[in-house]
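Working notes, structure below.
The values are calculated or read from the model by the stated rules, or taken from the named source; none is laboratory data. Keep in mind the model is a prediction, meaning the values are calculated, not measured. As a convention, Cβ positions derive from the backbone with ideal geometry for all residues, glycine included, and neighbour counts pool all protein chains shown.
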Amino acid sequence: MRFARSRHPTGLSSGSSGRKVADGALLLMRNNGHIFIDVSHVVEHGMITYKGLPAPIICDYLSREASKVHYAEGTTFQIGKIELVANTGTYVDTPFHRYAHGKDLAELTLSSLAHLDGRVFRSKPNVRAIGRELFDNHDLTGKAVLIHTGWDTHWRTEQYFEEHPFLTREAAEHLKASGVTLVGIDSYNIDDTSDRTRPVHSILLGAEIPIVEHMCNLKKLPDNGFTFSAVPAKIKGFGTFPVRAFGVVAA
């Protein structure tokens, strides 16, 4: 999908080679003619992602000042230290998050996380329970299906944790049957948190379909015609980890 040369939904002209910060996302026009649209939140010290889980602690392990004794004059380095729960910022859930014998971060293939054909579906305002009808009559085989609810506008507020949009069991069953590769959402949880069986996680992760939660800036992506990537660190024995999620659109 190509946009008119005069203006992109990102706010960058097709002839631009500069960069712009918008709604917390870095949009970078490369010389190879692609726009990279960041759809992940910044992880910061003290930031709460999920109510009841601790905030990350981000600090120096070796400060620049302390590093001076190890290097020549004028040469310094910083080595950072971070303590965080896996469910921090924008993150991907693997089957191991839900199932003891499911694939963990180290076992997921890159083909299930990177350079996927993306589709954005936009739910109606004030709709909490998102049903299968949003996805009807679309070929979703092999797609990264991203649900734009606009809930990310409440990020880092008390409202973010309450009455959030979610997918229904029927929607999850439909996405599974449609052969999607990945599902993402810009909401607090892809499940209704009042349902302790977590049907959407259970259905999708049971089918080895990764889930990306707490996305942002999906309004900047077109409905289709882009590739999507959300790759975590390759960690054994972990089911969830933050990602740098982004879409790539041809100029």
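Annotations for the structure displayed:
- Screening segment 125-139 for residues that are touching a strand residue (DSSP E or B) at 6+ places or on another chain (Cβ under 8 Å) and exposed (fewer than 15 other Cβ atoms within 10 Å of the Cβ) and picking the one that is nearest to Asp223 (Cα to Cα) gives His138.
- Of all residues in segment 76-124, those being part of a strand (DSSP E or B), over 29 Å from Lys219 (Cβ atoms) and either in contact with a helix residue (DSSP H, G or I) (Cβ under 9 Å, 6 or more places away or on another chain) or of a type in the set (Lys, Arg) (or both) number 2.
- Condition met for Arg156 (in contact (Cβ under 8 Å) with a residue 24 or more places away in the chain, loosely packed, with under 13 Cβ neighbours inside 10 Å and among the charged types (D, E, K, R)): yes
- Matching residues, segment 125-140, being under 15 Å from Ala171 (Cα atoms) and either touching a His at 6+ places or on another chain (Cβ under 7 Å) or not in a helix (DSSP H, G or I) (or both): Val127, Arg128, Ala129, Ile130, Gly131, Arg132, Phe135, Asp136, Asn137, His138, Asp139, Leu140
- Scanning segment 83-90 finds no residues that are of a type in the set (Asp, Glu), surrounded by 12 or more Cβ atoms within 10 Å (Cβ to Cβ) and either closer than 24 Å to Thr181 by Cβ or over 15 Å from the mean Cα position of the chain (by Cα) (or both).
- So Ala207, is it over 16 Å from the mean Cα position of the chain (by Cα) and either modelled with pLDDT of 95 or more or more than 20 Å from Ser112 (Cα to Cα) (or both): yes
- Number of the exception - Pro232 against (1) touching a strand residue (DSSP E or B) at 6+ places or on another chain (Cβ under 8 Å); (2) surrounded by 15 or more Cβ atoms within 10 Å (Cβ to Cβ); (3) closer than 20 Å to Gly179 by Cβ: (3)
- Selection status of Met1, at pLDDT below 80, within 22 Å of Asn224 (Cα to Cα) and in contact with a Leu (Cβ under 6 Å, 6 or more places away or on another chain): no
- Within segment 218-248, if we keep just the residues that are assigned to a strand (DSSP E or B) and either modelled with pLDDT under 95 or aromatic (Phe, Trp, Tyr) (or both), the residue that is nearest to Ser111 (Cα to Cα) turns out to be Phe228.
- When segment 140-153 is filtered for residues that are over 16 Å from Asn189 (Cα atoms), touching a strand residue (DSSP E or B) at 6+ places or on another chain (Cβ under 9 Å) and without any contact (Cβ under 8 Å) to a residue 40 or more places away in the chain, the ones remaining, listed by number, are Gly142, Lys143.
- Within segment 56-75, the set of residues being in contact (Cβ under 8 Å) with a residue 24 or more places away in the chain and either assigned to a loop (DSSP other than H, G, I, E, B) or surrounded by 13 or more Cβ atoms within 10 Å (Cβ to Cβ) (or both) comprises Pro56, Ile58.
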